[in-house]
Amino acid sequence: MNKFAIKENLHYGKLLRTVNGINPRTLAQRLHDFENAGILSRTVFPTNPPQVEYQLTKKGNALRKITEEMRLWDEIYGSENSNV
C-alpha cells in the first residue's frame, strides 16, 4: 500500500514509473482494488489515446498519516526486514 502513496493526481504512466519494478498488470490490479475499496477515484479523459488519472478520495486521504508512518518505519527498519 505504501508504495502507492499519492500526493497529487497522477496518470497511470507516471505511477508505473514511480513504483520501481512493478509489473504493469500488477499495478493495474492494485489500482483497481484501491478504487473498489473507495481509496482512489479514477478519471478517464477522452483523449486519443485515453488518459487515466487517479486521485485519493476522502477515505484515501484519511490513510495519509498511516502510510507516511509506514514509509518512515521502512526507511529505518525496511532493509533488515525485507521479507516482511
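For the stretch 28-56, which residues satisfy the criterion of being closer than 19 Å to Thr18 by Cβ and β-branched (Val, Ile, Thr)?
Selection gives Ile39, Thr43, Val52.
Just checking, does the stretch 55-62 include any residue being assigned to a strand (DSSP E or B) and either at pLDDT 90 or above or over 19 Å from His11 (Cβ atoms) (or both)?
Residues of the stretch 55-62 that are assigned to a strand (DSSP E or B), as a first pass: 55-56.
Keeping just the survivors that are either at pLDDT 90 or above or over 19 Å from His11 (Cβ atoms) (or both) gives 55-56.
Within the stretch 55-62, one or more residues are assigned to a strand (DSSP E or B) and either at pLDDT 90 or above or over 19 Å from His11 (Cβ atoms) (or both).
If I ask for residues that are assigned to a loop (DSSP other than H, G, I, E, B) and more than 16 Å from Ala62 (Cβ to Cβ), which ones from the stretch 28-52 would you list?
Going through the stretch 28-52, the residues assigned to a loop (DSSP other than H, G, I, E, B) turn out to be 37-39, 46-50.
Passing the criteria: Pro46, Thr47, Asn48, Pro49, Pro50.
If we keep just the residues of the stretch 1-21 that are of a type outside the set (Phe, Trp, Tyr) and touching a helix residue (DSSP H, G or I) at 6+ places or on another chain (Cβ under 7 Å), which is modelled with the lowest pLDDT?
Residues of the stretch 1-21 of a type outside the set (Phe, Trp, Tyr): 1-3, 5-11, 13-21.
Pick out the ones that are also touching a helix residue (DSSP H, G or I) at 6+ places or on another chain (Cβ under 7 Å) and you get 1-2, 5, 15-16, 19.
Working: Met1: 46, Asn2: 49, Ala5: 56, Leu15: 88, Leu16: 89, Val19: 82.
Among them, the one singled out is Met1.
I need every pair where a residue in the stretch 12-24 that is surrounded by fewer than 10 Cβ atoms within 10 Å (Cβ to Cβ) has its Cβ under 8 Å from the Cβ of a residue that is modelled with pLDDT of 85 or more, sequence separation at least 6 or different chains.
Sorted first by the residue in the stretch 12-24, then by its partner, the list stays empty.
Pairs, please: C-beta under 6 Å, at least 6 apart or cross-chain, first residue closer than 17 Å to Glu8 by Cα and in the stretch 34-52, second among the small types (Gly, Ala, Ser)?
The qualifying pairs are Ile39/Gly60; Leu40/Gly60.
Mind checking which residues of the stretch 40-83 are surrounded by 13 or more Cβ atoms within 10 Å (Cβ to Cβ) and in contact with a strand residue (DSSP E or B) (Cβ under 7 Å, 6 or more places away or on another chain)?
Leu40, Ser41, Arg42, Gln51, Val52, Glu53, Tyr54, Gln55, Leu56, Thr57, Gly60
The values are calculated or read from the model by the stated rules, or taken from the named source; none is laboratory data. All of these numbers come straight from a predicted model, not from anything done at the bench. All Cβ positions, even for glycine, are placed from backbone atoms using ideal geometry, and neighbour counts span all protein chains on display.
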